[in-house]
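Inspection log for the structure reproduced underneath, given as structure tokens.
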Amino acid sequence: MGVFDSGFGGLSILSALHDLVPHENLVYFGDTQRYPYGPQPQEQVREFASQISQFLVEDYDVKMVVVACNTASAAALSFLRESIPVPVVGVIDAGVRAAKTITKKRSVGVMATVGTIASGTYQNSFVEENLTVTYQSCPGLVEFVERGETYSDEILVLLRALLEPIIRSKVDTVLLACTHYPFLSRAISDVVGRDVFLVSSAEETAFEVSTMLGEECLECERENMGSIQYVSTGDPDIFSRLGSKLSGLAIDSVRHVGVEYLEANFRKVC
Ligand code: DGL
């Protein structure tokens with residue numbers, strides 16, 4: 001199955017998938033040449049998501065696409081479900097479900113990219129009585145992760161400024177609604193307080209994928225020795241080094257695919 005993100009963020013989903021369905025063959029696509037998706041217009045992100053999904057289906061014959069990116073899920077999930085000939089799973093419903101289950105005080109903070117918050121997708125998914133949700137876009141965080149930096153004074157200073165409204169709301173749960181943010185968990189926890197539960201959509205998404213594989217009769221044999229292949233639009237050596245460091249996965253070999261190739265070979269959204 002194909003899993004993609006703007007960069008390293010989706011590796012948090014890939015790890016959870018590899019743990020839950022180790023017999024599946026996975027192809028991870030990191031669009032590191034074109035990250036961050038968060039500040040870019042929705043139509044642009046939809047175009048990127050469409051090119052990558054088509055590429056995964058045509059070049060790797062994947063049986064399912066996992067959009068391991070909140071920004072791309074918000075911008076493109078319905079479009080991909082209509083245009084890609086295999087099941088497509090996003091990360092938003094899974095995160096919302098997990099946060100709703102975990103909060104005891106019925107007060108949740110949502111951290112996400114500018115594009116995700118502006119899309120209104122989480123606001124529409126969280127509609128529920130007796131639940132207060134504080135939304136915060138967090139520009140600048142993804143860039144730290146893409147540089148392999150997950151804890152520093154600069155990160156703490158930025159987080160203190162960004163998360164002030166969430167802290168003021170006295171939430172007991174923070175949903176990390178960008179797949180890059182779990183890599184910043186220690187810093188986020190230091191800023192919001194150790195008693196606040198940080199929720200990532202990774203495990204919940206992996207469960208959703210596993211259930212769907214069963215329902216659609218797409219599962220590999222349990223005896224199969226699953227594999228992971230990596231593709232990136234950026235520098236493959238940097239992807240291998242930083243991706244391994246961030247995720248703990250052994251990323252030995254990465255195929256480079258140029259952005260020009262994607263743009264020239266896959267049909268346009270409009
Ligand atoms: N990891 C992505 C997300 O979940 C994208 C972040 C970005 O490229 O701005 O939103």
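The values are calculated or read from the model by the stated rules, or taken from the named source; none is laboratory data. What you see is a predicted model, and the numbers here were worked out from it, not measured in a lab. Glycine also receives a Cβ, built like all others from the backbone with ideal geometry; neighbour counts cover every protein chain displayed.
Could you look through region 38-57, keep only residues that are touching a residue at least 12 places away in the same chain (Cβ under 8 Å) and polar (S, T, N, Q), and pick out the one that is surrounded by the fewest Cβ atoms within 10 Å (Cβ to Cβ)?
So, considering only residues that are touching a residue at least 12 places away in the same chain (Cβ under 8 Å) and polar (S, T, N, Q), the one surrounded by the fewest Cβ atoms within 10 Å (Cβ to Cβ) is GLN42.
Can you give me the number of residues within region 51-83 that are under 11 Å from PHE4 (Cα atoms) and β-branched (Val, Ile, Thr)?
Result for region 51-83: 4.
Would you check which residues across region 99-136 are aliphatic (A, V, I, L, M), more than 23 Å from GLY9 (Cα to Cα) and either crowded, with 21+ Cβ neighbours inside 10 Å or in contact with a Phe, Trp or Tyr (Cβ under 9 Å, 6 or more places away or on another chain) (or both) and list them?
VAL133
Determine, yes or no, whether VAL96 is out of contact with any strand residue (DSSP E or B) (no Cβ under 6 Å at 6 or more places or on another chain), β-branched (Val, Ile, Thr) and surrounded by fewer than 24 Cβ atoms within 10 Å (Cβ to Cβ).
Judged against the criteria, VAL96 is not a match.
If ASP195 satisfies all but one of (1) assigned to a strand (DSSP E or B); (2) over 21 Å from the mean Cα position of the chain (by Cα), what's the number of the condition it fails?
Looking at each condition in turn, ASP195 falls short on (1).
Mind listing whichever residues of region 198-216 are assigned to a loop (DSSP other than H, G, I, E, B) and either modelled with pLDDT of 95 or more or closer than 21 Å to SER107 by Cα (or both)?
The one that is assigned to a loop (DSSP other than H, G, I, E, B) and either modelled with pLDDT of 95 or more or closer than 21 Å to SER107 by Cα (or both): SER201.
Sort through TYR35, TYR60 and tell me the only one that's among the aromatic types (Phe, Trp, Tyr) and surrounded by fewer than 21 Cβ atoms within 10 Å (Cβ to Cβ).
Testing whether each residue is among the aromatic types (Phe, Trp, Tyr) and surrounded by fewer than 21 Cβ atoms within 10 Å (Cβ to Cβ) leaves just TYR60.
Is it true that GLY234 is part of a loop (DSSP other than H, G, I, E, B), of a type outside the set (Phe, Trp, Tyr) and either without any contact (Cβ under 8 Å) to a residue 40 or more places away in the chain or under 24 Å from SER53 (Cβ atoms) (or both)?
Yes.
What tally of residues in region 186-218 results from selecting those that are surrounded by 15 or more Cβ atoms within 10 Å (Cβ to Cβ) and free of Cβ contacts under 8 Å to residues at least 12 places away in the same chain?
Residues in region 186-218 being surrounded by 15 or more Cβ atoms within 10 Å (Cβ to Cβ) and free of Cβ contacts under 8 Å to residues at least 12 places away in the same chain: 1 in total.
Can you tell me which condition VAL86 does not meet? The list is (1) within 15 Å of the ligand (Cβ to nearest atom); (2) free of Cβ contacts under 8 Å to residues at least 40 places away in the same chain; (3) surrounded by fewer than 24 Cβ atoms within 10 Å (Cβ to Cβ), and all the others hold.
(1)
Take region 138-161 and flag every residue that is touching a residue at least 40 places away in the same chain (Cβ under 8 Å) and either away from the ligand (no atom under 16 Å from the Cβ) or not in a loop (DSSP other than H, G, I, E, B) (or both).
Those that are touching a residue at least 40 places away in the same chain (Cβ under 8 Å) and either away from the ligand (no atom under 16 Å from the Cβ) or not in a loop (DSSP other than H, G, I, E, B) (or both): LEU141, VAL142, GLU143, PHE144, VAL145, GLU146.
Looking only at region 1-18, which residues are farther than 14 Å from SER73 by Cα, part of a loop (DSSP other than H, G, I, E, B) and either within 13 Å of the ligand (Cβ to nearest atom) or of a type in the set (Ser, Thr, Tyr) (or both)?
Residues satisfying the conditions are GLY7, PHE8.
Output the residue which, of all residues in region 63-79 that are surrounded by fewer than 24 Cβ atoms within 10 Å (Cβ to Cβ) and either within 17 Å of the chain's Cα centre (by Cα) or modelled with pLDDT under 95 (or both), is nearest to the ligand (Cβ to nearest atom).
Among those residues, the one meeting the criterion is LEU77.
Inspect region 247-265 for any residue being assigned to a helix (DSSP H, G or I) and surrounded by 15 or more Cβ atoms within 10 Å (Cβ to Cβ) and give the result as yes or no.
Yes, the conditions are met somewhere in region 247-265.
Go through region 219-243 and give me each residue that's at pLDDT 95 or above, crowded, with 16+ Cβ neighbours inside 10 Å and out of contact with any strand residue (DSSP E or B) (no Cβ under 6 Å at 6 or more places or on another chain).
Those that are at pLDDT 95 or above, crowded, with 16+ Cβ neighbours inside 10 Å and out of contact with any strand residue (DSSP E or B) (no Cβ under 6 Å at 6 or more places or on another chain): THR233, GLY234, LEU242, GLY243.
Kindly indicate the residue of region 132-187 that is modelled with pLDDT of 95 or more and of a type in the set (Lys, Arg) and also farthest from CYS69 (Cα to Cα) among those meeting that condition.
Of everything passing the filter in region 132-187, ARG168 is farthest from CYS69 (Cα to Cα).
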